[in-house]
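The values are calculated or read from the model by the stated rules, or taken from the named source; none is laboratory data. As the structure is a prediction and not an experimental result, all values here were calculated from the model. Virtual Cβ from ideal backbone geometry, glycine too; neighbours counted across all protein chains shown. Just so you know, the surface numbers come from the protein's heavy atoms only, side chains and all, with ligands and any DNA or RNA stripped out. Shrake-Rupley method; radii C 1.70, N 1.55, O 1.52, S 1.80 Å.
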Amino acid sequence: MPSISHGRISLSAESDKKAQITIEVIVVIGIFLIVFSSLINLSFERFHLAQEVGSAGEAKMTGQFIASAINNVYSNGGGFSIHLNENKINFSELSSSEIRGSGVILPIIINNSERRVVINKNFSSMGGTSLYASIPIIPDNITRENSTLAYPQLTIRNNGTDVIIYASINNIKVVS
Amino acid sequence: MNSRADRKAQAALEYIIVVGVMLLIVTSMLPVITKQAQLSKATAAIRDGATYGAGLRALGFKASKSNYVPDGAIKIKEIGMVNNGTNGNLKSYMSRIHIIAPDYIKDNSTYTHRVGASVCTQALRQLYYAFNGRYPGGGKIDSVNTSYYYFTCEYTFN
């Protein structure tokens, strides 16, 4: 800013220096923000991808757990049964899309002819529909019945002829 | 005129000129920085998508219309960006994804094709999401355009 002193006009270099530093800082910060904002976006997406792979692993583990129980019951012969309680498999948590859940689409399918337990997981948050994972099992004579007092939900029993799963049809479905 | 005041005026003018030149340099660098930032962002997005696709295939997940591949440890070893010339006004880059898989997958050309296709599809889907804020519709995706670049994908097994 020019200043008038004793009738003379002088230009101050001090404020020019400050103006130069300010403009440089603004431009540098602007460039930094452009690069930094794209990196922040990427880190959030990376975190989301990692979460999805984690919940896919949980869904697969559930299928393996059921398949393992079926194989055990079959191998141990008639009269043997296993009860998988709610601590082992909680269907409402399994099907939930919240952070606690695994996003599994119920019912879980047990295919007798292909001898597989099929887990169908929802990937709509990733812009997809659903993906399937299948776990092989040994027997091909599995049937489903509704739970009773004697055989509560998720009891798997070998009656000598068939392997029976006691579960609601909304949770587990057996197809030929 | 007072020579002291003259000296001050000269210093101020110099500063103004230097500021102007600096602004010019920084402003002209901006497109270069933006282009490079876009390429870096694309590389990171492709890496994320490829790792995600490999992870899901390794767990045994596939689309209903996709075909079977046995479970196994499928990992991404390396991703290279290969200069592929131009595509219209856009500079074309092909991302070459090097995949590691067990022998029973790697030695079977049917399985390698299925795994490679899954990995490339997920890589390009993630790239599309990074620049458009949403995932593309269902189905295969072969390429992605950004404002400066055209990206495609291929895979190899090591």
Checklist entry - Dipole magnitude of the range A:41-175 about its Cα centre, charges +1 at Lys/Arg Cβ and -1 at Asp/Glu Cβ only, in debye to the nearest 20? => result 120 debye
Item to check | Prolate/oblate/rounded label for the range B:89-141 (Cα gyration tensor, a/c 1.5) | outcome: prolate
Next on the checklist: What is the ratio of the Cα radius of gyration of the range A:76-171 to 2.2 N^0.38 Å, with N the residue count, to two decimals?
Outcome noted: 1.18
Checklist outcome for this item: With the 8 Å Cα cutoff and a minimum separation of six or more residues, chain B has a relative contact order in percent of 25 percent
Checklist entry - When DSSP beta bridges are limited to those with both residues in the range A:88-175, what percentage is antiparallel, rounded to the nearest 5? => result 65 percent
Checklist outcome for this item: Taking N as the residue count of chain B, its alpha carbon Rg divided by 2.2 N^0.38 Å gives 1.63
Item to check | Cα→Cβ-extended label distance, 7 Å offset, between A:ALA150 and A:VAL25, nm | outcome: 8.3 nm
Checklist entry - Based solely on its DSSP helices, what 222 nm [θ] is calculated for chain B when runs of n ≥ 4 H residues each add -39,500 (n - 2.57) and the sum is averaged over all residues, nearest 500 deg cm²/dmol? => result -19500 deg cm²/dmol
Next on the checklist: If R₀ is 30 angstrom, what is the calculated FRET efficiency for the pair B:MET81 and B:VAL32, using the beta carbon separation as r and rounding to 0.05?
Outcome noted: 0.95
Checklist entry - Just the accessible area for B:CYS120, please: 1.4 Å probe, Å², rounded to the nearest 10? => result 20 Å²
Next on the checklist: Residues of the range B:15-30 losing 20 Å² or more of accessible surface, assembly versus chain alone, probe 1.4 Å, please list them.
Outcome noted: B:TYR15, B:VAL19, B:MET22, B:LEU23, B:VAL26, B:LEU30
Checklist outcome for this item: Note to self: with every protein chain in place and a 1.4 Å probe, chain A gives an accessible area per residue in Å² of 56 Å²
Checklist outcome for this item: With the dipole of the protein assembly as shown defined by +1 on each Lys or Arg Cβ and -1 on each Asp or Glu Cβ, the option from A:VAL28, A:ASN72, A:ILE137 whose Cα lies farthest towards the positive pole is A:VAL28
Checklist entry - In the neighborhood of B:PRO136, defined by Cβ-to-Cβ distances under 13 Å, what is the net charge if each Lys or Arg adds +1 and each Asp or Glu adds -1? => result +2
Checklist outcome for this item: Toy charge model, Lys and Arg Cβ at +1, Asp and Glu Cβ at -1: the protein assembly as shown dipole around Cα centroid in debye, rounded to 20, equals 540 debye
Checklist entry - Along the charge dipole of the protein assembly as shown, Cβ charges K/R +1 and D/E -1, which of A:PRO107, A:THR161, B:ALA45 sits furthest on the positive end? => result B:ALA45
Next on the checklist: Please compare each pair in A:LYS60/B:LYS41; A:LYS88/B:LYS77; B:LYS35/B:LYS77; A:LYS173/B:LYS106; B:LYS77/B:LYS140; B:LYS35/B:LYS106 to a cut-off of 29 Å on the Cα-Cα distance and tell me which ones are over it.
Outcome noted: A:LYS60/B:LYS41; A:LYS88/B:LYS77; A:LYS173/B:LYS106; B:LYS35/B:LYS106
Checklist entry - When only C-alpha pairs under 8 Å and at least 6 residues apart count, what is the relative contact order of the range A:41-175, in percent? => result 27 percent
Next on the checklist: If you take every residue apart from A:VAL104 with its C-beta less than 9 Å away from the C-beta of A:VAL104, what net charge results, scoring Lys and Arg +1 and Asp and Glu -1?
Outcome noted: 0
Checklist outcome for this item: In Å², rounded to a whole number, the accessible area per residue of the range B:43-147 with probe 1.4 Å is 47 Å²
Checklist entry - What's the Cα-based Rg to Rh of the protein assembly as shown, Rh via Kirkwood? => result 1.27
Next on the checklist: Through the Karplus equation 6.51 cos²θ - 1.76 cosθ + 1.60, θ set to phi - 60°, convert the phi angles of the range A:107-117 into ³J(HN,Hα) values in whole Hz; use x for Gly and Pro.
Outcome noted: x, 6, 9, 10, 9, 5, 5, 8, 6, 9, 9
Checklist entry - Label points 7 Å out from Cα along the Cβ direction at B:ARG96 and B:ILE17: separation in nm? => result 5.1 nm
Checklist outcome for this item: The local net charge around A:PRO136, scoring Lys/Arg +1 and Asp/Glu -1 for residues other than A:PRO136 whose Cβ lies under 12 Å from its Cβ, equals -1
Next on the checklist: From zero outward in steps of 5 Å, how is the percent of C-alpha pairs of chain A spread across the bins?
Outcome noted: 1, 7, 13, 14, 12, 8, 6, 4, 4, 3, 3, 3, 3, 3, 3, 3, 2, 2, 2, 2, 1, 1, 0, 0
Item to check | Nearest-10 value in Å² for the accessible area of B:LEU39, using the 1.4 Å probe | outcome: 30 Å²
